[in-house]
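The values are calculated or read from the model by the stated rules, or taken from the named source; none is laboratory data. Computed from a prediction, not measured in an experiment: that's the story for all the values here. So basically every Cβ, Gly included, is an ideal-geometry build from the backbone, and we count neighbours across all protein chains shown. Remember, those area values only see protein heavy atoms, side chains included, never the ligands or the DNA or RNA. Shrake-Rupley method; radii C 1.70, N 1.55, O 1.52, S 1.80 Å.
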Amino acid sequence: MALKTFAAVSIGSAVTEMKVFEFTQRRSMREIECISTRINLGLDVYEQGRISREHIDELCDVLNDFKRTMAGYKVSAYRVFATSAFRESRNRTILCDYIEKQTGLEIDVFTNAEQRFVDYQAIASTSAEFETIIQNATAIVDISGSSTQISLFDNDKLITTQNIRVGNITTRENLLPLAKNGEHFEKLVRELMAYELAGFAKLYQKDRKIRNLIVLGGSLNEMMPMKTFLELQEKSASAPEKDAEGAKDANSQKDDESEKEWKQKKDMETAKSSAQMKKAVSDIRIPSLTKAQFERIYKDMIAQTPEEIAAKYDLPSDMTDAIVPSAIICRSLIESFDVDVVWMPGFSLNDGVSYDYGVRMGLLTRRHSFDEDILAAARSISKRYKTSQSHIRNIGDIAVQIFDRMKKVHGLGEHERLLLQIAVILHSCGKFISLTDISDCAYNIILATEIIGLSQEDRAIVAYTVKYNTSPFIYYEELKERTDLSAKEYMIAGKLTAILRIANSLDRTHHQKCSNVTVTLKEHELKISVASQQDLSLERGAFQEKVDFFEEMFNVRPVLKQKKL
């Protein structure tokens, strides 16, 4: 098999990065290039609500440079994606169209849930140690410019993922003008985090002891791997003159070159050096710190000015603006959760996107069941709305059987099977709001709730499937004027609705009378056999109401047969 190369390009709030990976014959992937540059798009969005033309032109230049690098490596495929800065920019549609015309590259704008899922994939795919870590209660925290995402795991399962609107850019811009000094700024950030985390603990953490904290983003990983960081801490006390000489040499070089050229060169050197260190460490284990070690580093760093941090740790000066608020946010999480170990993997979204491509193309073997985590997140949402779990399990088994037997007819794949399972799990959550308007309430809950791993389009398919489970089905010709669903997405929702309706009818009383079900397909008849001694009159009545729509969707008529035990 010929080696394949893949390029992943991430457009973040502060950094635009490209990684090129090579997929080997041993079903593994190897990073062969990493290039990044700093463009502060997030600050544009925070201050103006949109990204400036100057920064977009700069971004186009960078992307065209990346294209030339891709050509040099003869990449087989690539993916360009943007995160929170584009997602929150008012003019993102205009920007994406402009960039595509200038570079020939199409940009995917990740939803928050998609971005966090890729973060999670990056860790799980790059380090086998991840599986061991999440056996105990673990929080994965992604600190971005405008928010902090907390994903809580326990016993190898995702419990919940929540977004709090406290980020390193927003805290700096909102709270720094209110602060009297650096110590007061730290106090304000910690007070804000304490309020947000109290709500999280009450609703989601409860009595759970979180032992591990995995930290992503926030520029903190630029000061890692931790082994290197600790060595710098020890050396700084014994060799202050050497640090001063290094800073002096850097300043001299800056005088000889133009400001922009020097900054670009410095950024590139930092990025390549950081990538090499991260790769060397991640091949062995995820770098970690004890709570006491983090505290020692934190106290040393928080006492320094941004300029001193940049000089000491050889970082671009504009990067340090995000590090201090990120460190305060991280320390607040450590204190609130009372964690034992802080993990700093240093992986990027590009690792997760490349891993996902490798799995989809059959080039890699999946290490972890991500679909199970998505279903676990959906179950967590379902339990929040007090749904009947026995009912969900019962009709879930039936719905999956029908889906699997009908594969040749409906033409849907594994991803649509996953969406059906999520629709089953969430189909009755609307009862928590209203017993008379269940479908519309459930529809609105699903659209308003982030589900890790699902795109906005996926969530819409699930929402419409749940809505039409009990509401009259509206044909696309009538619906297309008031929906963002494409015709293809509409058909997926219609097929899943037909299956959900039949499965749901077989537990009309919520007493699981049809728990022993077998499904067989023969030509234009789907035979559903139930082994039960109980009276199925209500189930038969509900079933007959659903068969016509099922037949309309698939040209297959469901038939219910009861076998007496």
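General observations
- In the complete set of protein chains, residue-level accessible area for Thr436 is approximately 130 Å², probe 1.4 angstrom.
- For Ala82, nonlocal amide neighbours, meaning residues 5 or more places apart or on other chains whose placed amide H falls under 5 Å from its own, are Ile11, Asp108, Val109, Phe110.
- Residue-wise HN-Hα couplings along the stretch 292-305, as the Karplus relation 6.51 cos²θ - 1.76 cosθ + 1.60 with θ = phi - 60° gives them from phi, are 5, 5, 4, 4, 5, 5, 4, 4, 5, 6, 5, 7, 9, 7 Hz; Gly and Pro carry x.
- Largest accessible area first, the residues Tyr468, Tyr46, Tyr443 order themselves as Tyr46, Tyr443, Tyr468 under a 1.4 Å probe with ligands, DNA and RNA left out.
- Counting only alpha carbon atoms, the long axis of helix 92-103 and the longest principal axis of the chain meet at about 70°.
- Share of carbon and sulfur in the accessible heavy-atom surface of the chain [1.4 Å probe, %]: 48 percent
- Principal-axis tilt of helix 389-405 within the chain, Cα atoms, nearest 10 degrees: 80 degrees
- Accessible area per residue for the chain is 46 Å², calculated with a 1.4 Å probe on protein heavy atoms, without ligands, DNA or RNA.
- Antiparallel DSSP beta bridges within the chain, percent to nearest 5: 60 percent
- Taken along the Cα-to-beta-carbon direction at a fixed 7 Å, the label points for Gln304 and Lys383 span 4.4 nm.
- When the Cα positions of Ile395, Leu485, Ile425 are compared along the charge dipole of the stretch 390-493, Ile395 comes out farthest toward the positive end, with charges on each C-beta of Lys, Arg, Asp and Glu.
- Helical mean residue ellipticity (222 nm; -39500 (n - 2.57) per DSSP H run of 4+; nearest 500) of the chain: -17500 deg cm²/dmol
- Measuring r between the beta carbons of Lys187 and Glu295 and using R0 = 25 Å, the FRET efficiency lands at 0.90.
- Taking amide H as placed 1.01 Å from N in the peptide plane, Thr160 has its amide H under 5 Å from the amide H of Leu152, each at least 5 places away in sequence or on another chain.
- Counting only alpha carbon atoms, the long axis of helix 438-448 and the longest principal axis of the chain meet at about 20°.
- ³J(HN,Hα), Karplus 6.51/-1.76/1.60, whole Hz, each residue of the stretch 479-485, x for Gly, Pro: 8, 4, 6, 10, 9, 8, 5
- Candidates Val189, Leu175, Ile159 compared by Cα position along the dipole of the stretch 153-213: farthest toward the positive end lies Ile159, with charges placed on Cβ.
- Taking Cα centre as origin and charging only the Cβ of basic (Lys, Arg, +1) and acidic (Asp, Glu, -1) residues, the dipole magnitude of the stretch 64-107 rounds to 80 debye.
- Comparing Cα centroids, the stretch 1-32 and the stretch 461-529 end up 40 angstrom apart.
- For Glu481 and Cys60, the difference between the fully extended length at 0.36 nm per residue and the C-alpha to C-alpha distance is 148.1 nm.
- For the stretch 498-511, 3J(HN,Hα) per residue [Karplus equation, 6.51 cos²θ - 1.76 cosθ + 1.60, θ = phi - 60°, Hz, x = Gly/Pro]: 4, 5, 4, 4, 5, 4, 5, 5, 7, 9, 4, 8, 6, 10
- Remark: relative contact order (the chain) = 13 percent; criterion is Cα-Cα distance under 8 angstrom and separation of 6 or more residues.
- Fully extending the segment from Arg540 to Ser455 would add 27.0 nm, taking 0.36 nm per residue of separation and subtracting the current Cα-Cα distance.
- Solvent-accessible area of Phe549, all protein chains in place: 20 Å² (probe radius 1.4 Å, heavy atoms, ligands and nucleic acids excluded).
- Segment Arg68-Thr365, extension gain: residue separation times 0.36 nm, minus the distance between their alpha carbons: 103.9 nm
- Amide H partners (placed H, <5 Å) of His427, local residues excluded: none
- A Förster radius of 25 Å combined with the Cβ-Cβ distance from His511 to Arg557 puts the calculated FRET efficiency at roughly 0.45.
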